Amino acid sequence: LIYGMITGYGAAEDRVGYDAVIQAESGFMDMNGEKDGPPVKMPVALVDILAAHQLKEGLLLALLKRQQTDDGSKVEVSLFETALSSLANQATNWLVGGILPTRKGSAHPNIAPYGDTFKTSDGKLLLLAVGNDKQFEALLKILGLNPADPYWNGMRTNPERVAHRKELNEQLAKAIRQLTSAFLVQELNRLKIPGGLVRTVGEALADPLSQSILLQGNGLVGLRGFVGAGLVNSSPLSAPPHLGEHTVEVLSRLS
């Protein structure tokens with residue numbers, strides 16, 4: 001037998017575990033939000049979702065173990081441990097560097113410009129995720145700025161850009177305000193510089209790339225919860241059902 005369970009804080013703890021509380025207690029809320037603003041909960045129950053994926057991975061390992069040894073397993077995942085294990089680089093900053101993560105809006109604590117947003121000439125918000133020095137040099141050229149200009153001497157490397165993030169963002173913002181979002185996205189994509197427009201949920205779901213994970217039928221639309229390419233089509237899924245749509249069909253099997 002393979003038995004899977006999700007708890008709030010572990011089987012030995014009798015506390016009720018809810019995503020919002022876990023976000024508060026695991027450090028996520030304290031990191032999330034603007035620098036001078038209050039702690040903010042993420043707008044989806046992300047810890048719940050991550051815990052489900054953790055359990056799925058544990059169950060898959062248990063299936064492999066049973067195939068190899070004929071032994072069963074009890075797989076337990078707690079919301080609290082899931083949240084802590086998902087702190088990733090933020091936990092490393094503290095555990096290894098002794099640097100306590102603080103609220104920085106969407107900015108990355110170790111990379112710049114990464115997560116920073118800038119307004120284009122047509123009023124759109126552009127997020128940049130420049131991951132290395134070569135990408136940064138290409139970005140300057142897109143913006144009509146000369147990488148060889150002595151002004152950039154103190155910002156050519158990522159550590160320098162992180163140290164001068166405020167000044168850097170001011171200069172980037174000034175240049176990006178002169179250019180359209182269409183031009184910027186086109187050039188960023190052409191030069192393989194990570195960046196994109198901040199979109200609404202509706203705009204994201206209207207993207208042609210989103211259509212393959214939409215389930216539509218009977219006037220209802222839903223999202224696939226599993227998106228593994230190559231395996232999705234092997235398990236046909238129906239669209240979200242209407243209330244009572246399958247009652248007769250299900251009950252008839254039991255008679």
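The values are calculated or read from the model by the stated rules, or taken from the named source; none is laboratory data. This structure is a prediction, so every number in the text was calculated from the model and none was measured. Quick reminder, even Gly has a Cβ in these numbers, built from the backbone with ideal geometry, and neighbours come from all protein chains shown. For accessibility, only protein heavy atoms count, side chains too; no ligands or nucleic acids. Shrake-Rupley method; radii C 1.70, N 1.55, O 1.52, S 1.80 Å.
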Subject >> Looking only at region 90-123, and only at residues there that are assigned to a loop (DSSP other than H, G, I, E, B) and out of contact with any helix residue (DSSP H, G or I) (no Cβ under 9 Å at 6 or more places or on another chain), the one that is nearest to residue 185 (Cα to Cα) >> reply: 105
Original post:
Where in region 161-217 are there helices (runs of 4 or more DSSP H), lying fully within it, with 1 or more residues that are touching a strand residue (DSSP E or B) at 6+ places or on another chain (Cβ under 9 Å) and exposed (fewer than 12 other Cβ atoms within 10 Å of the Cβ)?
Top reply: 201-206
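Out of region 8-38, which residues are basic (Lys, Arg) and over 18 Å from residue 103 (Cα atoms)?
The first filter runs over region 8-38 and keeps only residues basic (Lys, Arg), leaving 15, 35.
The one that is basic (Lys, Arg) and over 18 Å from residue 103 (Cα atoms): 15.
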**OP:** Run down 24, 52, 12, 20 and say which single residue is without any contact (Cβ under 8 Å) to a residue 12 or more places away in the chain, open to solvent by 40 Å² or more (accessible area, probe 1.4 Å) and of a type in the set (A, V, I, L, M, F, W, C).
**Re:** 12
Original post:
Name the pairs whose Cβ atoms lie under 6 Å apart, with the first residue in region 57-72 and under 19 Å from residue 226 (Cα atoms), the second among the β-branched types (Val, Ile, Thr) and surrounded by 11 or more Cβ atoms within 10 Å (Cβ to Cβ), and 6 or more positions between them or separate chains?
Top reply: 58/75; 59/75
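With in contact with a Leu (Cβ under 6 Å, 6 or more places away or on another chain) and exposed (fewer than 14 other Cβ atoms within 10 Å of the Cβ) as the only criterion, which of 98, 105, 123, 72 stands out? Even if it seems obvious, please write down each step before you answer.
Details: 98 fails: in contact with a Leu (Cβ under 6 Å, 6 or more places away or on another chain); 105 fails: in contact with a Leu (Cβ under 6 Å, 6 or more places away or on another chain); 123 fails: in contact with a Leu (Cβ under 6 Å, 6 or more places away or on another chain).
Going through 98, 105, 123, 72 in turn, just one is in contact with a Leu (Cβ under 6 Å, 6 or more places away or on another chain) and exposed (fewer than 14 other Cβ atoms within 10 Å of the Cβ): 72.
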